[in-house]
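So the structure is just underneath, and the comments pick up after that.
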Amino acid sequence: MKVIVTKLLGSAEVEFLRQGVVVHRERFTGKTNHRYERTIATKEEFDAHRCRFVTALPADRAFQYEVAP
């Protein structure tokens, strides 16, 4: 599984949930305006995911992420 982020300035976490409980977190820190792809080495099953910002910079509003198999 991969998490792909773009337009990050600061820090953000992508949380993976199973029945509303967080089973895995991935933190991204730094600055990128281009596509950054990270392979996730977890075998935890999840039914939802969400992004939680650790920093609250105005530029973070442009942050995007996606989860891919």
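The values are calculated or read from the model by the stated rules, or taken from the named source; none is laboratory data. These numbers were taken from a predicted model, which means no experiment stands behind them. Here the Cβ is made from the backbone with ideal geometry for all residues, glycine too, and neighbour counts use every protein chain on show.
Identify all residues within segment 9-59 that are of a type in the set (A, V, I, L, M) and part of a strand (DSSP E or B); write none if there are none. So that I can check it myself, show each step before the final result.
Of segment 9-59, the ones of a type in the set (A, V, I, L, M) are 9, 12, 14, 17, 21-23, 40-41, 48, 54, 56-57, 59.
Matches in segment 9-59: Leu9, Ala12, Val14, Leu17, Val21, Val22, Val23, Ala48.
On the given criteria, is Ala62 modelled with pLDDT of 85 or more and of a type in the set (Gly, Ala, Ser)?
Numbers: modelled with pLDDT of 85 or more: no; of a type in the set (Gly, Ala, Ser): yes.
In short, no.
Does any residue in segment 7-33 that is of a type in the set (Gly, Ala, Ser) come within less than 8 Å, Cβ to Cβ, of a residue that is crowded, with 17+ Cβ neighbours inside 10 Å six or more places away or on a different chain, and which pairs are these?
From residues that are of a type in the set (Gly, Ala, Ser), the pairs are Gly10/Asp60; Ser11/Phe28; Ala12/Val5; Ala12/Phe28; Ala12/Asp60; Ala12/Phe63; Ala12/Tyr65; Gly30/Leu8.
Cβ-Cβ under 8 Å, sequence separation 6+ or interchain: first residue in segment 40-51 and modelled with pLDDT under 95, partner in a loop (DSSP other than H, G, I, E, B). Which pairs?
That search, which allows pairs on different chains as well, returns Ile40/Met1; Thr42/Met1; Cys51/Phe63.
Within segment 1-23, track down each residue that is within 12 Å of the chain's Cα centre (by Cα) and of a type in the set (S, T, N, Q).
Correct list: Thr6, Ser11.
Mind listing just one residue for me: the one in segment 1-28 that is at pLDDT below 90 and among the polar types (S, T, N, Q) and, of those, nearest to Ala62 (Cα to Cα)?
Among those that are at pLDDT below 90 and among the polar types (S, T, N, Q), it is Thr6.
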